[in-house]
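Novice: Right, I'll just put the structure down here and ask away after.
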Amino acid sequence: MALYAIGDLHLSLSGNKSMEVFGDAWKDYVARIENALGQLTEEDVLVLAGDTSWGMTLQEAEADFRFLDRFPGKKYLIKGNHDYWWATAAKFRRFCEEKELRSLELLHNNCILYGDYAVCGTRGWFLEEDQKPHNAKVLAREVMRLEASLQAAGEKPILCFLHYPPLYQGYRCPEILAMLEKYRVQGCYYGHLHGPTIRRRIEGQFGNTDFSLISADYLGFIPKKICEM
Ligand SMILES: [Fe+2]
Ligand SMILES: [Fe+2]
């Protein structure tokens, strides 16, 4: 009975965006995911830290959701920059009800409790976003979302899942890092870095927070065990 996490599954089961074109690291990735998720039990909880499906709509992502739903345990999905199918929590819940996908939920501006921990999450902020127009406004909104999630934790120790790394070599997002510090987040787990950029990850203790990269290709498609109940 444990909490696991992995980001960036980049599934495309009904589409044609297989990640196998990205070389050996992604060879047979769906089979490898299938093998790893097959080890989960009904009591386990899995956080999927963004870039879960290439589907552009909920309908296009359905095959990927159905694939994930087959494995035991609850799965909480965070928004990644490639999750174009993303919908409001109400719309996603309705879709899952209609399609009888019983184990999937969104983790977005909210928090779930796992044992003694509060599990928080949102998309986060990254260098690429700085280049887009109106970035200050969008960053402020993203930081607000993160704070809403962290506030919902109350007094519980916090494990925070973000799609974007709030720090990596050559980049810091001071606004996000300040939030993690303010709420004394114990562990921060992020995805988004693939292939050659994995080299630029920063892991370990900074301030009060322990940082880890959990992108699927970095983890060899085996979810990281975060804590046990
Ligand atoms: Fe990704
Ligand atoms: Fe990403």
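Novice: With a/c under 1.5 counting as rounded, go ahead and sort the range 12-108 into rounded, prolate or oblate using the C-alpha gyration tensor (a ≥ b ≥ c being the square roots of the eigenvalues; past the cut-off, prolate if a/b is larger than b/c, else oblate).
Specialist: It comes out oblate by the Cα gyration axes.
Novice: Quick one: among N16, N110, N81, which has the greatest mean-square fluctuation in a GNM of the chain with alpha-carbon springs under 10 angstrom?
Specialist: It is N16.
Novice: Shape call for the range 96-188 from the C-alpha gyration tensor, a ≥ b ≥ c root eigenvalues: rounded (a/c under 1.5), prolate (a/b greater than b/c) or oblate?
Specialist: Oblate, because a/c is 1.5 or more while a/b does not exceed b/c.
Novice: Suppose only helical runs count, i.e. DSSP H with n ≥ 4. What mean residue ellipticity at 222 nm does that imply for the chain under -39500 (n - 2.57) per run, divided by all residues and rounded to the nearest 500 deg cm²/dmol?
Specialist: -8000 deg cm²/dmol
Novice: Using all alpha carbons of the chain, what is the percent of pairwise distances in each 10 Å bin, ordered from the shortest bin to the longest?
Specialist: Taking all Cα pairs of the chain, the binned fractions are 8, 35, 39, 17, 1 percent.
Novice: Determine, for R199, R123, the number of other Cβ atoms within 10 Å of each Cβ, and report the residues in order from fewest to most.
Specialist: By the 10 Å Cβ count, ascending, the order reads R199, R123.
Novice: Please report the net charge: other residues with Cβ closer than 14 Å to the Cβ of R201, K and R +1, D and E -1.
Specialist: Local net charge: 0.
Novice: Something else now. Any idea how far the Cα center of the range 1-75 sits from the one of the range 182-229, in Å?
Specialist: 18
Novice: If the reach is capped at under 17 angstrom between alpha carbons, list the aspartates and glutamates near K79, excluding any in the same chain fewer than eight residues apart.
Specialist: D8, D51, E60, E62, D64, E105, E128, E129, E142, E147
Novice: Students often get this wrong, so check it: of K99/K225; K17/K224; K74/K99; K99/K224, which have C-alpha atoms separated by over 18 Å?
Specialist: With Cα atoms farther than 18 Å apart: K99/K225; K17/K224; K99/K224.
Novice: Which order do peptides 31-41, 210-220, 138-148 fall in by mean Cβ count within 10 Å, highest first?
Specialist: Top to bottom by mean Cβ count within 10 Å: 210-220, 138-148, 31-41.
Novice: Further, regarding this structure: With springs only between Cα atoms under 10 Å apart, run a GNM on the chain and tell me which of C160, C188, C173 wobbles the most.
Specialist: Checking each option, the largest mean-square fluctuation is seen for C173.
Novice: Have a look at the DSSP beta bridges in the chain and tell me what percent are antiparallel, nearest 5.
Specialist: Given both bridge residues lie in the chain, the antiparallel proportion sits at roughly 35 percent.
Taken together, the values in this text are just the output of simple stated rules run on the coordinates, not laboratory data. Only a predicted model underlies this, so the values are computations on that prediction, with no experimental measurement involved. Cβ coordinates were reconstructed from backbone atoms using ideal geometry, including for glycine residues, and neighbour counts include every protein chain displayed.
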